[in-house]
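Quick notes on the structure that follows.
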Amino acid sequence: TALAAEPGALGAAATHNLREVLVEMAMRRGDLESARARSADAGCIARWRVAGPFGPDALLGFDEDLAPEAPGPLDATYDLGPGRGVRATRDVEARGCPVAVGNGPVSGYGTTFAEANVAIAGAGRWMLRLETANAVEVFVDDRSVARLDRRRTPMARVTFHPLELAAGSHRVLVEMATRHPNPVFMLSLVRARPDEADVVLTRESPLGRL
């Protein structure tokens with residue numbers, strides 16, 4: 001616990017993995033308050049607004065300019081495509097750091113969007129950690145900061161992206177295209193260490209496929 005709070009020379013990957021283990025241990029004890037606190041320490045975002053999945057195609061939506069990509073917050077409803085109709089956006093809560101965006105008004109494949117607002121305590125370099133098996137793009141304040149097209153090229157499941165952020169509230173939007181009926185992603189933001197500020201790190205997740 002002390003090492004997770006003050007990781008010292010540990011890098012972003014090892015520090016997150018340690019904190020993730022502590023979250024899982026708290027959940028297994030049924031200590032939800034501690035699990036939420038550990039998740040916050042890891043920079044995980046607890047609450048999301050979700051729209052989708054947009055169809056009718058499973059993966060082609062990743063190449064299209066869909067309505068949720070417009071600047072500003074998600075709308076209250078969207079037309080999800082032929083046979084899917086107009087559906088309301090919905091609230092989803094993370095289980096620790098993992099966010100499962102399935103089980104919505106339409107079951108099955110497609111392109112799904114998840115939106116959250118994150119408060120940044122101080123300006124400077126921050127490290128965005130992203131983990132998913134799906135084709136994914138991440139926008140911060142309506143600007144793309146990461147795009148990983150796993151439809152075409154095998155890629156590491158976990159990537160780290162340094163960002164320069166001002167203090168205050170920032171809007172994060174995650175777009176995923178998948179054939180999976182309940183896709184999962186993990187996203188966290190923590191202060192970047194000086195020696196990690198100008199690199200993108202990749203590694204495989206020790207916790208299996210999501």
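The table below gives the values:
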quantity	calculated
Search result, residues across region 37-56 that are out of contact with any Ser or Thr (no Cβ under 6 Å at 6 or more places or on another chain), surrounded by 17 or more Cβ atoms within 10 Å (Cβ to Cβ) and under 30 Å from V106 (Cβ atoms)	S39, I45, W48, V50, G55
Index of the failed condition, R84 passing every other in (1) at negative phi; (2) buried (at least 18 other Cβ atoms within 10 Å of the Cβ); (3) in a loop (DSSP other than H, G, I, E, B); (4) within 17 Å of the chain's Cα centre (by Cα)	(4)
Top-ranked residue in region 166-210 [being outside any strand (DSSP E or B) and at pLDDT 85 or above; ranked as least open to solvent (accessible area, probe 1.4 Å)]	P183
Enumeration of residues in region 119-132 that are buried (at least 19 other Cβ atoms within 10 Å of the Cβ) and either assigned to a strand (DSSP E or B) or of a type in the set (A, V, I, L, M, F, W, C) (or both)	W126, M127, L128, R129, L130, E131
Filtered residue count, region 134-155, keeping only those that are in a loop (DSSP other than H, G, I, E, B) and open to solvent by less than 30 Å² (accessible area, probe 1.4 Å)	2
The one condition in (1) modelled with pLDDT of 80 or more; (2) of a type in the set (A, V, I, L, M); (3) surrounded by 14 or more Cβ atoms within 10 Å (Cβ to Cβ) that L22 fails to fulfil	(1)
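Matching residues to (1) under 16 Å from the mean Cα position of the chain (by Cα); (2) modelled with pLDDT of 90 or more; (3) in a strand (DSSP E or B):
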{"residue": "S34", "(1), (2), (3)": "no, no, no"}
{"residue": "A37", "(1), (2), (3)": "no, no, no"}
{"residue": "A40", "(1), (2), (3)": "yes, no, no"}
{"residue": "W48", "(1), (2), (3)": "yes, yes, yes"}
{"residue": "G52", "(1), (2), (3)": "yes, yes, yes"}
{"residue": "A58", "(1), (2), (3)": "no, no, no"}
{"residue": "G72", "(1), (2), (3)": "no, yes, no"}
{"residue": "Y78", "(1), (2), (3)": "no, yes, yes"}
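The values are calculated or read from the model by the stated rules, or taken from the named source; none is laboratory data. Computed from a predicted structure; not experimentally measured. Note: ideal-geometry Cβ built from the backbone for every residue, glycine included; neighbour counts use all protein chains shown. Each accessible area value is taken on the protein alone, full model and side chains, heavy atoms only, with ligands, DNA and RNA left out. Shrake-Rupley method; radii C 1.70, N 1.55, O 1.52, S 1.80 Å.
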